[in-house]
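Please treat every number below as a calculation from the coordinates, not as lab data. Please read these numbers as outputs of a predicted model, since none were measured by experiment. We place every Cβ from the backbone using ideal geometry, glycine too, and count neighbours over all the protein chains shown.
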Amino acid sequence: MTRNTNFSRKTGETQIQGCLNLDGSQNRNIDTGVAFLDHMLDLLAFHGRFDLEIKCIGDLDVCPHHTIEDTAITLGQAFVKAIGDRKGIIRYGSCYLPMDETLTRTVLDISGRPFHVYKGELSSPSVGNFPTEMVSHFFYSFAINASITLHQEILYGSNDHHKIESLFKGLAVALNIAVQKRQLIIDNKISQTRIDENVPSTKKIL
């Protein structure tokens, strides 16, 4: 059974619609009007091995802020719907992601307890048409609306494009690990497995 959802969100500042499939095959169709954000979301879906279609019409005549923020909010809400009851998932994911001279660390928990910690510095005011002040805000908005605990750190690097790309790829890889279904081996036979249908928490709920 695939874990997917169609989504739409309309405000006075943006109109967003699309679909997300956590068990996809890396099909992507992304158009937010912010080219660098499109590039990052393309990487997120590809390295997360998700299907992602998203179309955003935003008030870019004002600035990219609302488009970037609302895209993150909408994706976070879509993730909650797609992940479902969380039964059998690995739950935790982490990734050290090198990008040339840059290295970042991403650690997350599909916890149901939204929290975001971000440590890192970006020196450029923008990369393409993406203000760098929106990098941490994008991840914060996603984490809070996806109800995940997300820790991110830029360990070192000099190129802001590489730093941001490493963060998005690191999130993708960590999410891909965390959403996987745990396989239980039956009677010590690798050839006989089934999906763990338990919620991965002593509380029995996430």
Inset, instruction - Calculate the dipole size of the stretch 4-183 relative to its Cα centre from +1 charges on Lys and Arg beta carbons and -1 charges on Asp and Glu beta carbons; express the result in debye to the nearest 20. - result: 980
Legend entry - Rounded, prolate or oblate (a/c below 1.5 giving rounded, otherwise prolate when a/b exceeds b/c) for the chain by Cα gyration tensor: prolate
Legend entry - Given charges at Cβ of Lys, Arg, Asp, Glu: the stretch 4-183 dipole, positive-most of SER136, LEU103, ILE148: ILE148
Inset, instruction - Please determine, in degrees from 0 to 90 and to the nearest 10, the orientation of helix 65-83 with respect to the longest principal axis defined by the Cα atoms of the chain, where the helix direction is its Cα long axis. - result: 10
Legend entry - Inter-label distance, nm, simple model (7 Å from Cα along the C-beta direction), GLN17/SER158: 4.8
Legend entry - At R0 = 35 Å, FRET efficiency that the Cβ-Cβ distance of SER123 and SER201 yields, to 0.05: 0.30
Inset, instruction - Would you tally the net charge around VAL173, using a Cβ to Cβ cut-off of less than 13 Å, leaving VAL173 out, and scoring K and R as +1, D and E as -1? - result: +2
Inset, instruction - Give me CYS56, CYS63 ranked fewest to most by other Cβ atoms within 10 Å of their Cβ, as a rough exposure proxy. - result: CYS63, CYS56
Inset, instruction - Anything over 22 Å Cα to Cα? Flag those among LYS81/LYS163; LYS10/LYS87; LYS169/LYS203; LYS55/LYS81; LYS87/LYS169; LYS119/LYS163, in the order listed. - result: LYS81/LYS163; LYS10/LYS87; LYS169/LYS203; LYS87/LYS169
